[in-house]
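Visitor: Dumping the structure here so I can ask a few things about it.
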Amino acid sequence: MKWDEMRESDNVEDERGGSSGSSSSPVGLLGGLGAGGIAIAVIAGLIFKVDPAQILSFLSNNKTAPASQGLVKAPVNDRDSAFVKSILGDTEDTWQRIFKQQLKSDYQAPKLVLFNGYVNSACGSAQTSAGPFYCPADRKVYLDMGFFKYLEATAGGDADFARAYAIAHEVGHHIQNLRGTSGKVRQLQSGAGKTKANELSVRIELQADCLAGVWGHFTAQRGLITDQDVTKALNTATQIGDDYLQKQSKSGHVTPDSFTHGTSQQRVTWFKRGLDTGNIDQCDTLAASQL
């Protein structure tokens, strides 16, 4: 992945090394070990031949809010921030063109917050265990750089793909927020039972996968993502569905009604649809009769 040839974004806020709010022990945004953290751990394990259990243990144990005294801000020009700024900048450039050409409107880019261990967002407090996440209330993507550093230490430069995928997926949620899709889904979920609410969650997550694929389509056209990166994306998408994750759990029991992100095949199908077409209209999972 030629991320160093991408334009760096100015929309990155670096909160690493500093307290971002209350020093009391926070509760993860997703409660315990979030689905985002689990999915990225599985991706890393499959791509980089790392035991996902090691990564999950790291995520689960990294739950302590940092002390608020004697902290020094991390430099904003290190490799991690340069990488994130470059990927975010490329999503900005790509989605600005897509919005103008396909939606006849301007793209409003999200802010992206880098943090270590713990952060406060408009959606509540979150820790490493929440995984990367998007908060619609403040239109910001949150990335724990401690987890990213763990990936880099374990897999070296090969971790770039997993990190870029995480960013592109969360930007997909921002696009849903801009278009009113996420708000519509939240409204529908509020009056629905648990099974229906989970089904709606699956549809919104699959759409984010598709939108990440749309970004990949145009980035590949420009030669910034290699065929090997695309192959990895398709191969690993088969391993990050709810069915696979539940099989890896202690019980090993698969419960379709509890799915919130979609099956492996569904994630492959929708990511590939965005990747192949580069058309945002092909990502309408809410209107699809079959996923």
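The values are calculated or read from the model by the stated rules, or taken from the named source; none is laboratory data. Just so it is clear, the model here is predicted, and its values are computed rather than measured. Cβ atoms come from the backbone with ideal geometry, glycine included; neighbour counts cover every protein chain shown.
Visitor: Considering only the stretch 174-192, state which residues are free of Cβ contacts under 8 Å to residues at least 40 places away in the same chain and crowded, with 19+ Cβ neighbours inside 10 Å.
Guide: Result: Gln176, single match.
Visitor: Something else about it: Which of the helices (runs of 4 or more DSSP H) contained wholly in the stretch 217-291 include at least 2 residues that are under 18 Å from Tyr165 (Cβ atoms) and either modelled with pLDDT of 80 or more or polar (S, T, N, Q) (or both)?
Guide: Passing ranges, in order: 227-237, 264-277.
Visitor: What number of residues in the stretch 208-227 are more than 10 Å from Leu275 (Cα to Cα) and in contact with a Gly (Cβ under 7 Å, 6 or more places away or on another chain)?
Guide: 2
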